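J.: Submitted below is the structure of interest, expressed as structure tokens.
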Amino acid sequence: MGGDSSIIDLAVEGLREDFPSKSRSWVRRALIRFMKNTVKEYGENVWVVRGLPELGDKYPTYVVRLRDGRYYCSCFESSWGLRRKSEICTHIAAVILYRNYRKLDSDVYASVINIECVDYYLEIPSEFRGKVKVVKSVRVIDATDKLNPRHRVTYVIYADEPMEVRARLICDGDVRELSLKLTRTRRYIVELLTRD
Ligand SMILES: [Zn+2]
């Protein structure tokens, strides 16, 4: 995979957020597996992870499955099975990284709005509910008036397919009717735009 480094950063960040109690070495081992391109998708919710002897693997391959929202790895069935069952092994962590990466690298259709206001609101008509997602990032840029700080707000409106979305943007009492054309970009751009 090799991969785009900013996408890899975000994929690792996602793994850390999902497993905040895991050690750095656990994350590092998962990253080594991912970077060595050991994860292959085998079918729906099944992945094969090539074993790496340098990471202590005894078998040439491991099978990771996702069932009912839980991951299972064939290394659970080894002689260390009982001990490992309660843990998330780094084969699974590598699969999660792989999936995070694939998702961040996928196409979405998005439109971006940048505004500076004290009070703000973006209204998307209910007909777009379920089809369109909205994420925002808010930063205070002027807090001279402590009760009414001024914000810089970035909204990203995105969907799985190209479309035109009507929206109403309210910024300090100024109401604007917008027609947003969602154009193709990649999922990780949406993440980068809305990170604090
Ligand atoms: Zn495993």
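J.: Is there a residue in region 88-111 that is within 16 Å of the ligand (Cβ to nearest atom), over 30 Å from Arg176 (Cβ atoms), surrounded by fewer than 12 Cβ atoms within 10 Å (Cβ to Cβ) and modelled with pLDDT under 95? Even if it seems obvious, please write down each step before you answer.
T.: Step one: list which residues in region 88-111 are within 16 Å of the ligand (Cβ to nearest atom), which gives 88-99.
Within this subset, residues satisfying the condition of being over 30 Å from Arg176 (Cβ atoms) are 88-99.
Adding the requirement that they be surrounded by fewer than 12 Cβ atoms within 10 Å (Cβ to Cβ) leaves none.
The answer is no; no qualifying residue exists.
J.: Kindly indicate whether any position in region 28-51 is within 12 Å of the ligand (Cβ to nearest atom), in a helix (DSSP H, G or I) and within 30 Å of Leu193 (Cβ to Cβ).
T.: yes
J.: So, in region 20-34, exactly how many residues are among the β-branched types (Val, Ile, Thr) and more than 15 Å from Val49 (Cβ to Cβ)? Spell out how you get there, then give the answer.
T.: Filtering region 20-34 for residues among the β-branched types (Val, Ile, Thr) gives 27, 32.
Cutting the leftovers down to more than 15 Å from Val49 (Cβ to Cβ) gives us 27.
Looking only at that region, the number is 1.
J.: Here's a follow-up. Looking only at region 112-151, how many residues end up being on the phi > 0 side of the Ramachandran plot and either touching a His at 6+ places or on another chain (Cβ under 8 Å) or surrounded by 15 or more Cβ atoms within 10 Å (Cβ to Cβ) (or both)?
T.: To start, the set of residues in region 112-151 that are on the phi > 0 side of the Ramachandran plot comprises 130.
Filter once more, so that each one left must be either touching a His at 6+ places or on another chain (Cβ under 8 Å) or surrounded by 15 or more Cβ atoms within 10 Å (Cβ to Cβ) (or both): none.
Final tally of qualifying residues: 0.
J.: Condition check: free of Cβ contacts under 8 Å to residues at least 60 places away in the same chain and in contact with a strand residue (DSSP E or B) (Cβ under 7 Å, 6 or more places away or on another chain). Does Gly51 satisfy that? Break it down into steps so the answer makes sense when it comes.
T.: Working: free of Cβ contacts under 8 Å to residues at least 60 places away in the same chain: yes; in contact with a strand residue (DSSP E or B) (Cβ under 7 Å, 6 or more places away or on another chain): yes.
Criteria met by Gly51.
J.: Let me ask something else. List every residue pair whose Cβ atoms lie under 6 Å apart, where the two residues are 6 or more positions apart in sequence or sit on different chains, the first residue falls within region 56-84 and is at pLDDT below 90, and the second residue, located anywhere, is more than 9 Å from the ligand (Cβ to nearest atom).
T.: Short answer, once both residue conditions are applied: Phe76/Lys85.
The values are calculated or read from the model by the stated rules, or taken from the named source; none is laboratory data. The model shown is predicted, which means the values in this text are computed figures rather than measured ones. Neighbour counts run over all protein chains shown; Cβ positions are idealised from the backbone, glycine included.
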